[in-house]
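Enquirer: Pasting a structure below so you can have a look.
The values are calculated or read from the model by the stated rules, or taken from the named source; none is laboratory data. Because the structure is a prediction, the values reported are computed rather than measured. For neighbour counting, all protein chains shown are included, and Cβ atoms are generated from backbone atoms with ideal geometry for every residue, glycine included. These area figures cover heavy atoms from the full protein model, side chains too; ligands, DNA and RNA do not enter into them. Shrake-Rupley method; radii C 1.70, N 1.55, O 1.52, S 1.80 Å.
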Amino acid sequence: MYNTALKTFLHVADCGSFSKAAERLFLSPTAVMKQMNQLEEHLGLRLLKRTNHGIFLTECGDSIYKDAKKIISFSEEALARAREISSRRSKTIRIGTSMLNPCKVFMDVWYPISSQFPQFKIQIIPFEDDHNGILAVMDKIGDKFDFIVGVCDSAQWLSRCRFYKLGTYKKCIAVPMGHRLAGKKLLTLSDLEGETLMMVKEGDSPVNDQIRKELASRCPSLRIQDTEHFYDIEVYNRCAEQGNLLLNVECWKDIHPSLLTIPVDWKYEIPYGLLYPLHPAPEILEFLDVIKTSA
């Protein structure tokens, strides 16, 4: 905002000596003299009389001295005001992420446009996928998290937050390596006959409930083993250990290294997107508008 040598000039004028000013500024006398020479050259004015009895101000130097403190004070106040405005404009958006609810799909949308909206800063906050505690995580949306990126048609989740859809993922089936179906590129319903399929229990997900209904009708020998309403890594471990099939989502194909996720000859999909507070703050709605425009 101003030539920083002005501060050095004030110290030199007050001390009447390059060496004394250097002591105050924790600089060498040579460095102080160099700054004064450069300042005079920059202004095209002689500010200091250098004598054997000390340093004195010229008439021009005296004029600059009187105004320099005002210039410095005004500049620092202006900078403080600008920084305060910048601080008010800067909005930190907290994004929750976990193994089953990774934020990458959101970041793929955000990164290409982030430079256009420098007022938003992204903070990534991890959480655990635990079927016993996931509803408590959902309850923290608006408190600990501003958004969670997730696959969602859960009635229990949607009673706790709003949802903005970014897209859909296909419903697939995970098969343990070595299983008779592991070599298939596409599964049909007839392939499932006589197998045990793990899937979330009825009553929370309309998509999963519809799949269950069709399987009961068209695959009478298929056994369905209920899991909790929400998957965690233990469900995948159990699937691999028991040699069962698991109703899965294409985005979760890499969750467990011993399972292969294979598409099925059906059209079932589940939405994914941004979970955000039931009563969002203005900056959350402002950020969401940016995403809606760009997605």
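Enquirer: Could you pull out every one of the lysines with an alpha carbon less than 29 Å from that of K121, ignoring same-chain neighbours closer than 8 positions?
Expert: K91, K104, K140, K144, K165, K292
Enquirer: Given a 1.4 angstrom probe, I'd like the percentage of the accessible area of the range 150-217 that is carbon and sulfur, rounded to a whole number.
Expert: Details: 1580 of 3120 Å².
Taking all protein chains in place, the range 150-217 shows 51 percent carbon and sulfur surface.
Enquirer: Between E269 and R180, what is the label-point separation in nm under the 7 Å Cα-to-beta-carbon projection?
Expert: Once both label points are built, they end up 3.3 nm from each other.
Enquirer: From the Cα trace of the range 160-239, what convex hull volume per residue do you get, rounded to a whole Å³?
Expert: Values: hull volume 10.2 nm³, N = 80.
In the range 160-239, the Cα convex hull volume per residue is 128 Å³.
Enquirer: Rounded to two decimals, what is the ratio between the C-alpha radius of gyration of the range 165-295 and 2.2 N^0.38 Å? Please report the intermediate quantities before stating the final value.
Expert: Details: Rg = 17.0 Å, N = 131, 2.2 N^0.38 = 14.0 Å.
Relative to the 2.2 N^0.38 Å estimate, the range 165-295 comes out at 1.21.
Enquirer: Under a 1.4 Å probe, what is the accessible area of the chain per residue, stated in Å²?
Expert: On the way: 16080 Å² over 295 residues.
On a per-residue basis, the chain sits at 55 Å².
Enquirer: How long are the semi-axes of the equivalent ellipsoid of the range 17-115, taking √(5λ) for every eigenvalue λ of the Cα gyration tensor, in whole Å from largest down? Working shown, then result.
Expert: Details: eigenvalues 546, 58, 32 Å².
Equivalent ellipsoid semi-axes, largest first: 52, 17, 13 Å.
Enquirer: A further question on this structure: Only Lys, Arg, Asp and Glu count, each charged at its Cβ (+1, +1, -1, -1), so figure out the dipole size of the chain about its Cα centre, rounded to 20 debye.
Expert: 1100 debye
Enquirer: Could you give the length gained on full extension between E128 and D108, defined as 0.36 nm per residue of separation minus the Cα-Cα distance, in nm? All intermediate terms of the calculation are to be shown ahead of the outcome.
Expert: Details: separation 20, 0.36 × 20 = 7.20 nm, distance 2.20 nm.
Going from the current span to full extension adds 5.0 nm.
Enquirer: Can you list the residues of the range 142-166 with backbone N under 17 Å from a point 7 Å past the Cα of K91, pointing along Cα to Cβ?
Expert: Hits in the range 142-166 for K91 at 17 Å: 142-148, 162-164.
Enquirer: Another question, then. On full extension of the chain, what length is gained from K140 through T196, given 0.36 nm per residue of separation minus the C-alpha to C-alpha distance? Please report the intermediate quantities before stating the final value.
Expert: Numbers: separation 56, 0.36 × 56 = 20.16 nm, distance 3.56 nm.
Answer, rounded to one decimal: 16.6 nm.
Enquirer: Taking the chain on its own, what percent of its Cα-Cα pair distances exceed 24 Å? Can you show the working numbers first?
Expert: Details: 28198 of 43365 pairs.
I get 65 percent for the Cα pairs in the chain exceeding 24 Å.
Enquirer: Applying 1/(1 + (r/R0)^6) with R0 = 30 Å to the Cβ-Cβ distance of T51 and K7, what FRET efficiency is obtained, to the nearest 0.05?
Expert: Values: r = 23 Å, r/R0 = 0.77.
The computed FRET efficiency comes out at 0.85.
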